[in-house]
Amino acid sequence: MSDFSDKVVYQVYPKSFQDTNGDGFGDIPGVIERLDYLQDLGVDYLWLTPFFISPQRDNGYDVADYRNIDPKFGTMEDLERLVEQSAKHGIGLMLDMVFNHTSTQHEWFKRALEGEQKYQNYYIFKEGTPDQPPTNWQSKFGGPAWEYVPHLKKWYLRLYDVTQADLNWDNPQVREELKEILRFWKEKGIRAFRFDVINLVSKPEEMIDDCEGDGRRFYTDGPHIHEYLKEMVHDTGIENFVTVGEMSSTTLENCIKYSAPEEKELSMCFNFHHLKVDYKNGDKWALMPTDYKALKALFEKWQMGMQTGGGWNALFWCNHDQPRIVSRMGDEDTYWKESAKMLAGMIHLMRGTPYIYQGEEIGMLNAHYPSIDLYKDVESLNYYQILLKKGKTKQEALEILAARSRDNSRTPMQWDAEQYGGFSEVEPWLAMSAAFRPEITVAQQREDEDSILNFYKQLISVRKTYPVIAKGEISFIETGNNMILAYERKLGEQKIIVFCNLGKEKQEVAISDAWCDFKILLNNYAGREKISGEKSYIMKPYELLVLENEIQE
Ligand code: NOJ
C-alpha cells in the first residue's frame, strides 16, 4: 500500500459548496471554481459526496445510475474537467461509492419489480404477507426495515429509506456489477474511493427477530465482510488507492482488519463511537451533555488499539451527517475561535488521516432553524414525526432537531458576507445557517492572520514538515482530569506533546521536567513561547497547547 500518512482529505458536499448556474444548487463547475482555494488550504484529496443520477431523496445516497452525473450537478465533461484540473492543483479526487443499496429508481430494482428473477436476486426479497414483516428490524431512518410489494407478495430489505433497497452481496453477480462500476471510475482517472456504510453489506444467511435491539448486531461487520472487501479490492486492482470505509457501529477488532495493510482491504476507517458521547442511552434523538470522560476513553481506546493492531484511523469531527463540532463541543460565542482551533488541533495531531468537512475550516455553526419548514433531510423529517408521536411537543422536537439534524452541516458554504454567502445568487436549496455572520466567512478569515482558516492551514502544513505527526507513535498522558486530553507523539528523537482543555473552565496541568526545554509549536492563545521551569500550567478555556522538542529530521 502506498504511504498516505501525511495526506489531508477535504470533504465537499457539492450540493452546498458553490452554485455556478444560478439554480440555488451547488455543482461540479462550482468545485472547479474553488480549486485555487483548496490548493491554498493545502489539502491533498477531495472527497465528493455522490453526484450520480439520483432522485435525491437522500441527497444522492440513493443512486439510480452509478455511471452518469445527475444533471443538477453538471455533466460528464464537467467531471472530466474536474479530474484534470484538480490534478493540476495537486489534488486527487475521492469518489463516494454507495454499494449497500441502490435507489428503487435504479434499473435493477425496476426490473426486479417487473418480476425478473435475475434482478430480484440482486436485492433481499422475502416472501410474506402484508401484516408480517420477515423480521422486526428497524430502519436507521426510523420505522420498519422492510417494505411490502403487494403485486409480488414479497418484502424487500431497506436499512435506510424506503427508496433505498439493500443489495444482495451474497449474489456473485451483484459483486461483479459493483466491481465494474469501480473499474469504470478508475478508467476515468479516479484514484481514491470512500465506501458508504460498507460494513453493513454482508447480511446473515438466516434472518431472525432481534429481541435486544434494532437488528444491527446481525448485519454489522457481517459474516463475509472481510472476504467480500478483499475480493473487491483485489479484482479491481485498487490496493494502492486511498480508500476509506464508513463503518457503522463497528468494533476495533474489525477496523484493524479492514485497515491493516497486510489484509489488503482498505486504507482506513471512519468509526463513530466518539460522536455518540452525547447520545442518551445510545439514542441519537435523546439529548445529553457531552460525557468527556467517555470521549477521552474512546480516543485512547481507538488510537492505541489501531496502533497496536497496525490499523489506520480516519480522523474527523464533521461530515454531512453530523452537527457542526463547534456548536456541539465548543463554544459558539465567547470562545468560538479558540474552541474551533482546539478541536481541530486535537484530532489533526493524532495518529491517522485528518478529514476536514467544508466550512469546518472557518468554524461554521449549526443551522439554528426556527421552524420545521426549513428542514429538508429525510431522516430529520421522519424523526420529527416520530418524536411527536412519542409525545414530545413541537418545541421539544425542534430543539432535538436543532442539536441533531443532518441539515446542520448541509447549509450552504459561507464564502463571503453576501445574502447567500457567495454560494449562490439565488435562494439556495437549503436555507443559510441562522448563525451566518461576516466573521464566519472565507473572505474575512483570509485577511486575518489569527483566523480559524489560517490555523487549519498551519495544521496541514506542520503535518508535511513534522514527520512525527504523520508517522510517529502515540501514547496518552494521564492527567487525572476529565476535561484535559493530553498525548505524546514520538518518532526517533522527535517528540510533540499535545494538551487540550475541552471546556470553558480553566484547568491546571502538571508539566513534566522532561519538557522544560520544549518550545511551543502551536497555541490558540497568543503570547508565550516556552514554559521553562514551570511545574504546572493553567490552561485557559478551550486552550490547545502543543510543545515540541525542536529536533527535526
Ligand atoms: C451514510 C451517509 O453518509 C448518509 O448520508 C446516508 O444517508 C447513509 N449512509 C445511507 O446511504
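The values are calculated or read from the model by the stated rules, or taken from the named source; none is laboratory data. This structure is a prediction, so every number in the text was calculated from the model and none was measured. Note that we place each Cβ from the backbone using ideal geometry, even for glycine, and neighbour counts take in every protein chain shown. All accessible areas refer to the heavy atoms of the entire protein, side chains included, with ligands and DNA or RNA removed. Shrake-Rupley method; radii C 1.70, N 1.55, O 1.52, S 1.80 Å.
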note = Filtering region 217-235 down to residues that are of a type in the set (D, E, K, R) and open to solvent by 30 Å² or more (accessible area, probe 1.4 Å) yields R217, E227, K230, E231, D235
message = I'd like to verify a number: residues in region 85-117 that are touching a residue at least 12 places away in the same chain (Cβ under 8 Å) and more than 31 Å from the chain's Cα centre (by Cα), how many?
response = 3
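Quick one: how many residues across region 533-553 are surrounded by 12 or more Cβ atoms within 10 Å (Cβ to Cβ) and among the hydroxyl-bearing types (S, T, Y)? Reasoning before the result, please.
Just the residues of region 533-553 that are surrounded by 12 or more Cβ atoms within 10 Å (Cβ to Cβ), to begin with: 534, 537, 539-549.
With among the hydroxyl-bearing types (S, T, Y) added as a condition, the list becomes 537, 542.
Of the residues in region 533-553, 2 are surrounded by 12 or more Cβ atoms within 10 Å (Cβ to Cβ) and among the hydroxyl-bearing types (S, T, Y).
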inquiry  = Among the numbered criteria (1) in contact with a Phe, Trp or Tyr (Cβ under 6 Å, 6 or more places away or on another chain); (2) within 16 Å of the ligand (Cβ to nearest atom); (3) outside any strand (DSSP E or B), which one does E265 miss?
reply    = (2)
ask   = Within region 322-329, is there a residue that is more than 16 Å from the ligand (Cβ to nearest atom), without any contact (Cβ under 8 Å) to a residue 12 or more places away in the chain and over 16 Å from the mean Cα position of the chain (by Cα)?
value = no
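For region 57-74, check the following and say yes or no: at least one residue is at pLDDT 95 or above, among the aliphatic types (A, V, I, L, M), in contact with a Leu (Cβ under 7 Å, 6 or more places away or on another chain) and open to solvent by less than 30 Å² (accessible area, probe 1.4 Å). Steps first, answer last, please.
Applying the first criterion (at pLDDT 95 or above) to region 57-74 yields 57-74.
Imposing the further condition that a residue be among the aliphatic types (A, V, I, L, M) reduces the set to 63-64, 69.
Imposing the further condition that a residue be in contact with a Leu (Cβ under 7 Å, 6 or more places away or on another chain) reduces the set to 69.
Add one more test, that the residue is open to solvent by less than 30 Å² (accessible area, probe 1.4 Å), and what stays is 69.
Checked region 57-74: at least one residue is at pLDDT 95 or above, among the aliphatic types (A, V, I, L, M), in contact with a Leu (Cβ under 7 Å, 6 or more places away or on another chain) and open to solvent by less than 30 Å² (accessible area, probe 1.4 Å).
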request  = Report whether or not V162 is within 16 Å of the ligand (Cβ to nearest atom) and either open to solvent by 10 Å² or more (accessible area, probe 1.4 Å) or not basic (K, R) (or both).
outcome  = yes
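Are any residues in region 1-24 buried (at least 21 other Cβ atoms within 10 Å of the Cβ) and assigned to a loop (DSSP other than H, G, I, E, B), and if so, which ones? Please lay out each step first, then the result.
Of region 1-24, the ones buried (at least 21 other Cβ atoms within 10 Å of the Cβ) are 4, 8-19.
Result: F4, V8, Y13, F17, Q18, D19.
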ask   = of a type in the set (G, A, S), under 25 Å from the mean Cα position of the chain (by Cα) and away from the ligand (no atom under 15 Å from the Cβ): does that describe A192?
value = yes
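Quick check on my filter: what residues within region 1-27 are touching a Gly at 6+ places or on another chain (Cβ under 6 Å) and over 16 Å from W429 (Cα atoms)? So that I can check it myself, show each step before the final result.
First, the residues of region 1-27 that are touching a Gly at 6+ places or on another chain (Cβ under 6 Å): 14-20, 27.
Selection gives nothing.
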query = What is the one condition in (1) of a type in the set (A, V, I, L, M); (2) touching a residue at least 60 places away in the same chain (Cβ under 8 Å); (3) part of a loop (DSSP other than H, G, I, E, B) that V244 does not satisfy?
reply = (3)
note = Going through (1) farther than 23 Å from A145 by Cα; (2) surrounded by 19 or more Cβ atoms within 10 Å (Cβ to Cβ); (3) away from the ligand (no atom under 16 Å from the Cβ) one by one, Y384 fails only at (1)
query = Right, K153: at positive phi and of a type in the set (D, E, K, R) or not?
reply = yes
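How many of the residues making up region 291-311 are in contact (Cβ under 8 Å) with a residue 60 or more places away in the chain and open to solvent by less than 30 Å² (accessible area, probe 1.4 Å)? Talk me through it step by step, then tell me what you get.
Taking region 291-311 and keeping what is in contact (Cβ under 8 Å) with a residue 60 or more places away in the chain, we get 292-293, 295-296, 299-300, 303-304, 307.
The next check asks that each one be open to solvent by less than 30 Å² (accessible area, probe 1.4 Å); those that pass are 295, 299, 303.
Total satisfying the criteria: 3.
What tally of residues in region 437-472 results from selecting those that are among the small types (G, A, S) and either free of Cβ contacts under 8 Å to residues at least 60 places away in the same chain or in a helix (DSSP H, G or I) (or both)?
As a first pass, look at region 437-472 and keep what is among the small types (G, A, S): 443, 451, 461, 470, 472.
Then drop every residue that is not either free of Cβ contacts under 8 Å to residues at least 60 places away in the same chain or in a helix (DSSP H, G or I) (or both), which leaves 443, 461, 470.
Total meeting the criteria: 3.
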ask   = From the set of residues in region 144-159 that are part of a strand (DSSP E or B) and more than 15 Å from the ligand (Cβ to nearest atom), which is farthest from I386 (Cα to Cα)?
value = K154
request  = Scan region 261-277 for residues that are closer than 13 Å to Q322 by Cβ and touching a strand residue (DSSP E or B) at 6+ places or on another chain (Cβ under 7 Å) and jot them down.
outcome  = F270
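Only one of L178, L167, L182 is buried (at least 23 other Cβ atoms within 10 Å of the Cβ) and within 16 Å of the ligand (Cβ to nearest atom). Can you tell me which? Even if it seems obvious, please write down each step before you answer.
On the way: L178 fails: buried (at least 23 other Cβ atoms within 10 Å of the Cβ); L182 fails: within 16 Å of the ligand (Cβ to nearest atom).
Selected residue: L167, the only one of L178, L167, L182 that is buried (at least 23 other Cβ atoms within 10 Å of the Cβ) and within 16 Å of the ligand (Cβ to nearest atom).
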message = Is it the case, given these coordinates, that N408 is within 30 Å of Q39 (Cα to Cα), within 25 Å of the chain's Cα centre (by Cα), within 16 Å of the ligand (Cβ to nearest atom) and not basic (K, R)?
response = yes
note = Residues in region 17-33 that are within 22 Å of the chain's Cα centre (by Cα) and without any contact (Cβ under 8 Å) to a residue 40 or more places away in the chain total 1
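Please pick out the residue among I238, I208 that is open to solvent by less than 10 Å² (accessible area, probe 1.4 Å), assigned to a loop (DSSP other than H, G, I, E, B) and more than 16 Å from the ligand (Cβ to nearest atom).
Details: I208 fails: open to solvent by less than 10 Å² (accessible area, probe 1.4 Å).
Unique residue meeting the criteria: I238.
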message = I'd like the full set of residues that are more than 16 Å from the ligand (Cβ to nearest atom) and either open to solvent by less than 10 Å² (accessible area, probe 1.4 Å) or among the hydroxyl-bearing types (S, T, Y) (or both), limited to region 244-257.
response = T251, C255
Odd one out for K88 among (1) open to solvent by 30 Å² or more (accessible area, probe 1.4 Å); (2) farther than 20 Å from P14 by Cβ = (2)
